[in-house]
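Structure record follows, encoded as structure tokens.
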Amino acid sequence: FLPYCLESRVLQTSKCGTMMDAVLRVGWPGLSAFPGPSSSMLEERYVSRVKMSDAELLQDNNGEAQHLVWVVEAKSIRSQLFDSLKSRWQLTIADKTGSADGNTDPCNNSPTIPSCKVHFEVEIQVSNPIISFTLSQVMKNVAKKQVVAFEKRC
């Protein structure tokens with residue numbers, strides 16, 4: 001369901017179920033690391049170690065509202081393209097108004113439908129200067145599209 005994710009498969013899961021190794025294949029149509037007619041997509045298949053935290057109850061900045069927050073962190077452990085690839089997803093239960101602390105819409109006092117607020121960070125390091133430049137031009141847009149897709153799915 002995530003844009004640019006062409007394949008995902010769990011290779012192994014820890015006994016406690018909070019860590020796993022997974023293979024991911026990502027691709028960016030229209031981008032290419034190599035010239036030629038057959039290379040219309042920059043693509044990489046890599047293995048990541050994924051760590052999922054149990055939900056934590058956190059307070060907002062003014063210490064009033066409480067939010068349930070889940071964190072998922074991934075780090076590439078085997079990749080030909082990326083020297084390093086780290087991502088962090090923070091998921092918070094939120095209502096349709098964007099508030100994570102209420103059960104009613106403040107405008108009309110009607111019930112709200114729970115949804116998911118997503119905060120996404122990604123850090124990529126590559127040695128190839130052409131690929132580094134190419135990724136720097138598209139990553140902000142890629143991250144935005146992935147967050148929107150995740151929020152729609154939640």
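The values are calculated or read from the model by the stated rules, or taken from the named source; none is laboratory data. Here the structure is a predicted model, which is why all the values come from computation and not from measurement. Because the Cβ atoms are built from the backbone with ideal geometry, glycine has one as well, and the counts that use them run over all protein chains shown. In case anyone asks, the SASA skips ligands and DNA or RNA and just uses the protein heavy atoms, side chains included. Shrake-Rupley method; radii C 1.70, N 1.55, O 1.52, S 1.80 Å.
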For segment 60-88, give me each residue that is open to solvent by 90 Å² or more (accessible area, probe 1.4 Å), at pLDDT 85 or above and of a type outside the set (K, R).
Q80, D83
Look through L57, L91 and report the one residue that is assigned to a strand (DSSP E or B), at pLDDT below 90 and more than 30 Å from R25 (Cβ to Cβ).
L57
I'd like the full set of residues that are within 16 Å of F82 (Cα to Cα), at pLDDT 95 or above and open to solvent by 40 Å² or more (accessible area, probe 1.4 Å), limited to segment 8-54.
R49
How about segment 126-154: which of its residues are of a type in the set (A, V, I, L, M, F, W, C), within 22 Å of V72 (Cβ to Cβ), in a helix (DSSP H, G or I) and open to solvent by 30 Å² or more (accessible area, probe 1.4 Å)?
M139, V148, F150
Which of the numbered conditions does A100 fail, given that it passes all the others? Conditions: (1) modelled with pLDDT of 90 or more; (2) part of a loop (DSSP other than H, G, I, E, B).
(1)
